[in-house]
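Asks: My structure is below; once you've seen it, I'll send some questions.
The values are calculated or read from the model by the stated rules, or taken from the named source; none is laboratory data. Predicted model, so just to flag it, every value in this text is computed and none were measured. So basically every Cβ, Gly included, is an ideal-geometry build from the backbone, and we count neighbours across all protein chains shown.
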Amino acid sequence: MGHRTHLFGPIVLMMTSLVVMPVFGQSPAVGITAVGAANDWVVPRTPWDHPDLQGIWTTDEEVAVPVERSQDLGERLELSVEEIAARTAQREAGLTQGSGQTGDGPPHWYEAADNASTRTSFIVDPPNGRIPSRTGDGERRWNNRNRGSGGGGPFNGPEDLDLRDRCITRGLPNTYFPSAYNNGFQIVQSEDHVAIVYERLHEHRLIPLDDRPHLNAEVRQWFGDSRARWEDDTLVVETRNFGEDVNFNGSTNGLHLVERFTRVNEETVSVKFTVSDPSTFTRDWTVVVNAKNDPSYWQIFEYACHEANYGMFNILSGARAEDAKAATSGSR
């Protein structure tokens, strides 16, 4: 599908030409929810006196962290050294085995920092680190979601695959969960807007800070409709108006997302978001993802998903071959 090519899109060129990017140091270890700042460290400010979140950030250190905590870990927040080693070995074995399959790339595509996180889950609330129970409607939507290239079909057309396979969107807040590759995102600020570009699928958001109201509820978008404000040193982004075809763990157009971006030290931005949808989940739940400024991420490259997207062609042509085979067998 896509990987870190050496071409990059016009929106990144436009924004990097407007902003001088800060220079950062090496990355220390990340804590459970976010790294604490040193006593004498002060959040940097923009020329117009907003907290400065600008930079290129990556979640590579947390690639192996699961969204949900294993039930046998209870409310444990961290793994032991031995458990981290076992988790890393299991992940590396899986990547080696999967390399070369449809949609997968060679091993050198994959990203993971040497300083792997010890966290047991991205979910920090509920305390058990697991997605809350779904309502009846939420469970039905989750079970009826498109299974994508990893599912069993039927694959009668592109619409039967999920939005990622179709190169449309990973969707919010999925875009924050690190995957095997392309885990970078860039934040650029002005006095009245914040722009975020995500390397995976090359998606972008331009979020106003000027207190304008949300769009009419009839206007639905893949990434929803976002509005931002500052609460002390934290950027708070509230997003609603998601479309019916967006399915985040069973939540579609009822999804209400509140993101909180906090610069917790020179090298780290903490992204904390709360998922709310009473029609899908029996309670709200909260995730924390820590992003670092890895020097290897010196720019965001283009993710050219549609170019030479052999995966989509092969999935559909393979399904047609299976149909033909079944029809021939049935006529005998």
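Asks: Against the definition (in contact with a helix residue (DSSP H, G or I) (Cβ under 9 Å, 6 or more places away or on another chain) and either more than 25 Å from R130 (Cβ to Cβ) or not aromatic (F, W, Y) (or both)), how does F273 come out, yes or no?
Replies: The answer is no for F273.
Asks: Same structure again: Take V275 and decide whether it is under 29 Å from L161 (Cα atoms), out of contact with any Asp or Glu (no Cβ under 7 Å at 6 or more places or on another chain), of a type in the set (A, V, I, L, M) and at pLDDT 95 or above.
Replies: Criteria not met by V275.
Asks: Tell me yes or no: at least one residue of region 298-320 is among the β-branched types (V, I, T), within 26 Å of T120 (Cβ to Cβ) and either part of a loop (DSSP other than H, G, I, E, B) or free of Cβ contacts under 8 Å to residues at least 40 places away in the same chain (or both).
Replies: For region 298-320, residues among the β-branched types (V, I, T), within 26 Å of T120 (Cβ to Cβ) and either part of a loop (DSSP other than H, G, I, E, B) or free of Cβ contacts under 8 Å to residues at least 40 places away in the same chain (or both): absent.
Asks: If the requirement is being small (G, A, S) and over 28 Å from E61 (Cβ atoms), which of these qualifies: A195, A180, A228, A217?
Replies: Answer to the check: A217.
Asks: Hey, another quick one. Restricting to region 174-233, name every residue that is free of Cβ contacts under 8 Å to residues at least 24 places away in the same chain, of a type in the set (D, E) and more than 23 Å from V43 (Cα to Cα).
Replies: Once the filter is applied, which keeps residues that are free of Cβ contacts under 8 Å to residues at least 24 places away in the same chain, of a type in the set (D, E) and more than 23 Å from V43 (Cα to Cα), region 174-233 yields D211, E218, D225.
Asks: Further question on the same structure: Mind listing whichever residues of region 268-293 are more than 17 Å from the chain's Cα centre (by Cα), surrounded by 20 or more Cβ atoms within 10 Å (Cβ to Cβ) and either without any contact (Cβ under 8 Å) to a residue 12 or more places away in the chain or not in a strand (DSSP E or B) (or both)?
Replies: If the condition is that a residue be more than 17 Å from the chain's Cα centre (by Cα), surrounded by 20 or more Cβ atoms within 10 Å (Cβ to Cβ) and either without any contact (Cβ under 8 Å) to a residue 12 or more places away in the chain or not in a strand (DSSP E or B) (or both), then D277, T280 are the ones that fit.
Asks: Which ones in region 160-181 are modelled with pLDDT under 85 and within 17 Å of V65 (Cβ to Cβ)?
Replies: If the condition is that a residue be modelled with pLDDT under 85 and within 17 Å of V65 (Cβ to Cβ), then S179, A180, Y181 are the ones that fit.
Asks: Which residue, of S80, S99, S121, S133, is modelled with pLDDT of 95 or more and more than 22 Å from R260 (Cα to Cα)?
Replies: None of the others qualify; the one that does is S133.
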